[in-house]
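Structure, as structure tokens:
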Amino acid sequence: MAGSQTVIEIRPLSALAEFSEAVTLEQGIWGFADFDVVPLPLFVVARETGGQTFGAYEANRMIGFCLALAGLKPDGRPFLHSHMLAVLPSHRDAGVGRSLKLQQRADALARGIELIEWTFDPLELKNAFFNIERLGAIVRRYHENEYGATSSPLHSALPTDRCVAEWWIGSPRVQSVLAGESIERQVDERIAVPVEIERLRREDPGRARAIQSANAERFQRSFSRGLAVIGFERAESEGVYLLGRPV
């Protein structure tokens with residue numbers, strides 16, 4: 001495990017050897033077959049077209065990375081799509097992922113970009129808490145089977161349903177969350193996921209799929225009413241998405 005006094009350095013990736021390190025890390029974490037791996041040339045494209053490629057290092061050893069692509073909204077506003085963030089299992093819960101996200105934010109703000117988006121699996125409760133409560137992202141979109149079937153054992157052969165996190169990096173909400181301040185929120189609806197979902201994905205995928213499908217309907221119905229995920233609560237038996245009007 002990473003020691004509490006470990007110094008982690010976040011720095012831009014630009015060399016082919018660094019991109020190769022990131023691809024190796026990706027393969028080790030997700031266990032993808034070759035056809036699912038995000039390849040080295042995409043890192044080069046991101047670097048050359050206004051995206052982001054950052055690595056997290058401990059004593060010159062890469063322990064994490066993030067990759068974001070540049071995009072434009074229909075109205076012409078620029079944004080960044082954070083496609084992948086990876087941290088070695090041995091260094092999780094040590095703030096590495098948060099440091100990578102904060103570096104993305106600092107870089108985007110310096111370039112006048114207001115929005116960073118990414119997708120995440122709503123069944124991954126720890127990830128949901130991090131995105132919503134630790135970073136201040138909101139969610140207003142749900143995509144069913146976004147990436148189709150993948151070869152990663154982490155996806156448990158379920159459809160790759162994804163929520164889209166919107167991180168409005170200069171907003172008062174995000175500034176308050178990052179500063180550790182409480183924020184007011186009016187909750188209109190709750191969507192729960194049992195903490196046993198990880199076990200169900202392995203041992204009872206039919207039940208896991210039923211939970212996924214039922215919650216997909218709830219998310220989409222709520223989003224169609226103009227609600228958004230504005231909070232996330234953790235309890236002993238479940239994780240709960242809190243939905244209300246975004247401010």
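The values are calculated or read from the model by the stated rules, or taken from the named source; none is laboratory data. Keep in mind the model is a prediction, meaning the values are calculated, not measured. So basically every Cβ, Gly included, is an ideal-geometry build from the backbone, and we count neighbours across all protein chains shown.
Quick check on segment 10-23. Is at least one of its residues surrounded by fewer than 17 Cβ atoms within 10 Å (Cβ to Cβ), modelled with pLDDT of 95 or more and touching a Gly at 6+ places or on another chain (Cβ under 9 Å)? Yes: one or more hits. A count restricted to segment 105-145 and to residues that are surrounded by 20 or more Cβ atoms within 10 Å (Cβ to Cβ), of a type in the set (A, V, I, L, M) and not in a loop (DSSP other than H, G, I, E, B) stands at 7.
Given the structure, is LEU85 without any contact (Cβ under 8 Å) to a residue 40 or more places away in the chain, touching a Phe, Trp or Tyr at 6+ places or on another chain (Cβ under 9 Å), surrounded by fewer than 14 Cβ atoms within 10 Å (Cβ to Cβ) and within 24 Å of GLU166 (Cβ to Cβ)? Show your work before the answer.
Working: without any contact (Cβ under 8 Å) to a residue 40 or more places away in the chain: yes; touching a Phe, Trp or Tyr at 6+ places or on another chain (Cβ under 9 Å): yes; surrounded by fewer than 14 Cβ atoms within 10 Å (Cβ to Cβ): no; within 24 Å of GLU166 (Cβ to Cβ): yes.
Against the criterion (without any contact (Cβ under 8 Å) to a residue 40 or more places away in the chain, touching a Phe, Trp or Tyr at 6+ places or on another chain (Cβ under 9 Å), surrounded by fewer than 14 Cβ atoms within 10 Å (Cβ to Cβ) and within 24 Å of GLU166 (Cβ to Cβ)), LEU85 does not qualify.
Exactly one residue out of ILE197, ILE113 is farther than 17 Å from HIS83 by Cα and of a type in the set (A, V, I, L, M): that is ILE197.
At least 1 residues that are of a type in the set (S, T, N, Q) in each: list the strands (runs of 3 or more DSSP E) lying fully within segment 1-96 that qualify.
Details: elements: 9-12, 52-58, 61-72, 78-87.
Correct list: 52-58, 78-87.
Of the numbered criteria (1) at pLDDT 95 or above; (2) over 29 Å from GLU26 (Cα atoms), the one ALA165 fails is (2).
State all residues of segment 24-82 that are among the aliphatic types (A, V, I, L, M), loosely packed, with under 12 Cβ neighbours inside 10 Å and within 20 Å of THR119 (Cα to Cα); if no residue qualifies, say none. Before the answer, list the steps.
Step one: of segment 24-82, the residues among the aliphatic types (A, V, I, L, M) are 25, 29, 33, 37-38, 40, 42, 44-46, 56, 59, 62-63, 67-70, 72, 80.
Going one step further and asking which of them are loosely packed, with under 12 Cβ neighbours inside 10 Å, we end up with 33, 59, 72.
The one that is among the aliphatic types (A, V, I, L, M), loosely packed, with under 12 Cβ neighbours inside 10 Å and within 20 Å of THR119 (Cα to Cα): LEU72.
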